[in-house]
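Asks: Would you mind keeping the following structure in view while I ask a few things?
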Amino acid sequence: MAGVAAGERIAGAVARHPLAWGAAWSLSFGALLVVALVADWPAWADAIVLTAMVGPSLAATVTVLHATPRRHFDEMSSVFGHFAVRYAALVIGVVAWSASVVVGAAISQAIQLAAEGREDEILGTGVDVMLFLVPILVALLWAAFVLRCAWFLGRVRGWGEVPASDRVPPAMLASRPALRRTVIGLAHPGLFSATGLVVAVMLPALQGTHELVL
């Protein structure tokens, strides 16, 4: 019974100040990540620490955004904002496509020059380039995903620790108000951005050291 009572007290404390507890949790595992890097822990151990660090905020973010209907975002945005966002996305897409064409051509030429016409080495060099670039691209896409979700969180629940009013549907965890308060508090755009971007920075490093010689 004492253990149950202690657990209820901890749950109540987290529900009262979810952002503070979430930040403390993330900072603790962030410090552990620094130790892991200094001590040269294996990549799988780093991945576990990263998952634990971002886990609460990520789970809360998914819960809040999954419970929020898409029409809520349409109601929150103006016609100008709707077209401005899509125009910016179109410009970024064109720039990214143009850059991919140029970079792809440069990489192809570099691989052929590095292999010096030896067909058996071209494939191996291409695989090395792919193993080097793919984790970086995945990290960039993850960072964009994190920032996009954080932007929506700011629109849905605001930037307060426990907002007095929000646009989160009342039906979400309606029967468990303390858990609802905790989830909304942990789904803070600043907390999710910070932990998510740390993951983006660390993702390429999880692959380990990989030499790329062209």
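None of the figures in this text is laboratory data; all of them are computed from the coordinates on show. As the structure is a computational prediction, the values presented were derived from the model and not from experiment. Cβ coordinates were reconstructed from backbone atoms using ideal geometry, including for glycine residues, and neighbour counts include every protein chain displayed.
Asks: With a point put 7 Å past each Cα toward its Cβ, work out how far Ile48 is from Trp97 in nm, to one decimal.
Replies: 4.5
Asks: If you average the C-alpha positions of the stretch 54-70 and of the stretch 128-203 separately, how far apart do those two centres end up, in angstrom?
Replies: 7
Asks: Quick check on packing: order 43-49, 99-105 by the mean number of other C-beta atoms within 10 Å, highest mean leading.
Replies: Per-residue mean Cβ counts within 10 Å order the peptides as 43-49, 99-105.
Asks: Take peptides 133-143, 22-32 and line them up by average Cβ neighbours within 10 Å, highest first, as a rough protection proxy.
Replies: Averaged packing, sorted descending, gives the order 22-32, 133-143.
Asks: Then there's this: So how do 146-156, 178-188, 161-171 stack up, highest first, on mean other-Cβ count within 10 Å?
Replies: Averaged packing, sorted descending, gives the order 178-188, 146-156, 161-171.
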